[in-house]
Structures are given as structure tokens and as C-alpha cells.
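Here's the structure, in C-alpha cells; my notes come after.
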Amino acid sequence: MAVNRPKPLVAGNWKMNGLKAAKKELASLVKGVAGAKSKPGCDIMICPPATILSLCSDTVKGSGIKLGGQDCHAEASGAHTGDLSAEMLKNAGARACIVGHSERRTDHCESSLEVKLKAEAAHRAGLMAIICLGETADERSSGKTIKIVGQQLKASLAESANHKNTVIAYEPVWAIGTGNTPTVADIAKVHGYIRKRLIALLGDETGAKTRILYGGSVKPSNAKELMDIDNVNGALVGGASLKAKDFLGIITAY
């Protein structure tokens, strides 16, 4: 078992999935958590599309399940057509916001500096920032995983970061949605490195308490094995979070 154990967080990233009808699946999750034989040993979060964030907020009210946004603009308001501020997400019921997901870094060419500004915006609004890091398949095959992750962490971490308002999510890009996961040894190596860098950047106490999630093809069948890796303090779950049964299967591993 891992020595360093901040309370785990299991967060579901619905990505561009979910219409109003998704309320039924979320209600099933709420019912499943409430009906469990024992209280979950982790914090639980769902990050739905912003279009149904308010609807989901009503559904999870009183359940202990928290909501998050999937992205935010760095500014609080202004002439930014199509964008949403962290303040808007909070107003709709969010308690956190994912920033720097590899799909944002790739599809929208987001730099780590932009990610840092978004993390600072989340903090400004009173939201927890979930900062994503991860290498591509080419970077991995070239032996650059540690270098890339280290560069992203240092450049993406907000000046205002602490263990209460910041979570780091390591998601190797090549593992997202592919069914492939790194070996236990590989994950332990990267998470151990991130922990050392957090301690160096934030100080001993804050760096040790900051949660580091693993993401990339997390499912009920491998959640327990991933949970037992040192410095893995939860999971950022993609496809498996869309179905209450699958997400509950991951939650019960914690």
C-alpha cells in the first residue's frame, strides 16, 4: 500500500457527452452512492458539459458528489464569445475546473502558460484547479516522459497553488480512450517524480498533501491495482464515468 495517502478523489470527465437525459444516469450514481454498504473512501466528482451543469447541480444536491467544469477562460468576463469564465462555472454549481487536459492542449493548441492562467482563474473564483499533465506516444517512445511532465508541471502550476485548491492529474496521452495503461512501475515512477517536484515547488507539507490522480483508460477492472500504487491519490476517469454502474465500480475500489 502507498505510504503517502491524501484522501483520494475520483473525478469523472464526461467530455463532450451528455444531454439533459443524462440526469437519469447521474441520479443512478447518486442512488448507488447513497445505497452503498459503506461510505466511499474517496471524494467523488463529476465534470459534465457546461450546458447541463446547473441541471446536474440540482441532481447531486445533498449527495456529497461535487461537480466540476471541463475548462474555463482566464478572464472573469469580457468580449470572449463562446467562452466561459471560472466565475460562471461556479455560479452554475461547479466546485472545481479541469485545466490543461491533453485534448485542450492539442485541439486548441493551449500552452502551459495558458493553463497556468486558467488555474489562477479557477482559484480566483474559489474553484479547485485540476491540472492535467501527460506525454504523447512519440514522447514516451523517445524516453522523454519525465522531461515533458516536469516541464508541464512547472509551467502550469499557479502561483496561488496549495494542496486544497490544486490537484494534479497525470494522463499519458497515448492511454486516453485506448484501453492501454502504463505498467504499475511506469505509473509509480512518474507519480513519484511529480511528488518530488511538488515538494520542491510548493514546500514539504503542501507538496506532500497535494493529490495526484492517474487518468487514462481507468475502469473497474484495474482501479484497485492503480489505487495501490504509491502517490496515486485517485483517478480522472473518462468513458467509464458515463455509466453509473462502471463509475461506481471504480469508486468502490477506494
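Each value in this text was obtained by applying a stated rule to the coordinates, not by laboratory testing. Here the structure is a predicted model, which is why all the values come from computation and not from measurement. As a convention, Cβ positions derive from the backbone with ideal geometry for all residues, glycine included, and neighbour counts pool all protein chains shown.
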Would you list the helices (runs of 4 or more DSSP H) that sit entirely within segment 101-193 and hold 2 or more residues that are in contact with a strand residue (DSSP E or B) (Cβ under 9 Å, 6 or more places away or on another chain), aliphatic (A, V, I, L, M) and surrounded by fewer than 23 Cβ atoms within 10 Å (Cβ to Cβ)? 145-156
Among the strands (runs of 3 or more DSSP E) confined wholly to segment 1-73, which include 1 or more residues that are polar (S, T, N, Q) and surrounded by 13 or more Cβ atoms within 10 Å (Cβ to Cβ)? 9-13
When you go through (1) touching a residue at least 12 places away in the same chain (Cβ under 8 Å); (2) closer than 16 Å to A50 by Cβ one by one for N91, which number turns out not to apply? (1)
Any chance segment 80-91 includes a residue that's assigned to a loop (DSSP other than H, G, I, E, B) and either in contact with a helix residue (DSSP H, G or I) (Cβ under 8 Å, 6 or more places away or on another chain) or of a type in the set (V, I, T) (or both)? yes
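Would it be correct to say that S221 is outside any loop (DSSP other than H, G, I, E, B), hydroxyl-bearing (S, T, Y) and closer than 18 Å to V10 by Cβ?
Details: outside any loop (DSSP other than H, G, I, E, B): yes; hydroxyl-bearing (S, T, Y): yes; closer than 18 Å to V10 by Cβ: yes.
Yes; evaluated as a whole, the condition is true for this residue.
A quick yes/no check of all residues on (1) over 18 Å from H101 (Cβ atoms); (2) in contact (Cβ under 8 Å) with a residue 12 or more places away in the chain:
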position	(1), (2)
E135	no, yes
S141	yes, no
K144	yes, no
S156	no, yes
N162	yes, yes
A200	yes, no
V218	no, yes
